[in-house]
Amino acid sequence: MSFDLSSMQLGQIITAIGGLGTAAFGLVDATKVFWGGVNRIGFGKIEETVTGLTPGTAVNGLSQAKVIGTLRANWYNGLDLGSQKAIAKSLIKLDLNAGNAAAIADAAGVDRAMLQSVAAKMAAGTALTSSESDVYARFDLIVTAILDEAYQDGDQRYTNGTRTWAGFFAVLLALVGGWVVNGAGFGQYAASGDLWRALLVGVLAVPLAPVAKDLSSALVAAVNSMQLFKK
């Protein structure tokens, strides 16, 4: 197995490595059929946050289990984060009642008695006082901020997690492919330079996958420019 750059277009090498990265991402995506697979990454933070904001028994809205189930379905199906946060906030506010208002107030960091009064008056259809309106508006802003943090953190964990798994698959595929091309026993392959070349290819595959085509074209154009310049 030889990586003689004089006999192989550099652009073709980059394209091939990028293709390996794309294949690795495809394998990561295929894990979603196994109980959610990589979709599970990142949702734990969201579930923990929403669980703290939907305590007790549901009165006006969905039960806590159904709220989490709805949000999980949206997360797994890749609904845009803005819509997911809006739905989560609506379900939390819908779940607010006089029985769980104190616990929700503690989770959100607002006055317990005031939020209980707000929940009771909203259920009875009574107008809120100015102070109660201020507390409810503050509660709305705090819940928005808490959910934004949870979803952004979850999204970052998902991105990092999928890249990590894609990197693992890319390295594994590169090592196996290098062994097949090498044609020797595993011991000889492990002792040869081919194993380290394959490992390098696997490590580069995921970062190159999104930009392989553009990078390949740019490098070929650069090489052609330099050749013309020398002439």
query: Using θ = phi - 60° and the Karplus form 6.51 cos²θ - 1.76 cosθ + 1.60, what ³J(HN,Hα) does each residue of region 69-86 get, whole Hz, x for Gly and Pro?
result: x, 5, 5, 5, 4, 5, 5, 5, 8, x, 4, 4, 4, x, 5, 4, 5, 5
message: Report the Cα centroid-to-centroid distance between region 104-170 and region 28-59 in angstrom, as an integer.
response: 16
Order of VAL176, VAL201 - criterion: other Cβ atoms within 10 Å of each residue's Cβ, fewest first: VAL176, VAL201
message: Show me the ranking of peptides 143-156, 125-138, 30-43 by mean Cβ neighbours inside 10 Å, starting with the highest.
response: 143-156, 30-43, 125-138
- request: Determine, from the Cβ-Cβ distance of GLN12 and ILE87 and an R0 of 41 Å, the FRET efficiency 1/(1 + (r/R0)^6), rounded to the nearest 0.05.
  value: 0.30
task: Multiply the residue gap between ASP29 and ARG197 by 0.36 nm, knock off their C-alpha separation, and tell me the result in nm, one decimal place.
output: 57.9 nm
statement: In whole Hz, the Karplus estimates of ³J(HN,Hα) for region 147-157 (6.51, -1.76, 1.60; θ = phi - 60°; x where Gly or Pro) are 5, 4, 4, 5, 6, 5, 5, x, 5, 5, 5
statement: Here D for region 14-166, in µm²/s, from Stokes-Einstein with a Kirkwood Rh over Cα pairs at 10 °C and 1.306 mPa s, works out to 93
- prompt: Which aspartates and glutamates have a Cα lying under 14 Å from the Cα of LYS93, excluding residues fewer than 8 positions away in the same chain?
  reply: ASP140
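No lab work stands behind these numbers, since they all come straight from the coordinates. Bear in mind the structure is a predicted one, so any value in this text is a computation, not a measurement. Reconstructed Cβ throughout: ideal geometry from the backbone, glycine too, with neighbour counts over all protein chains shown.
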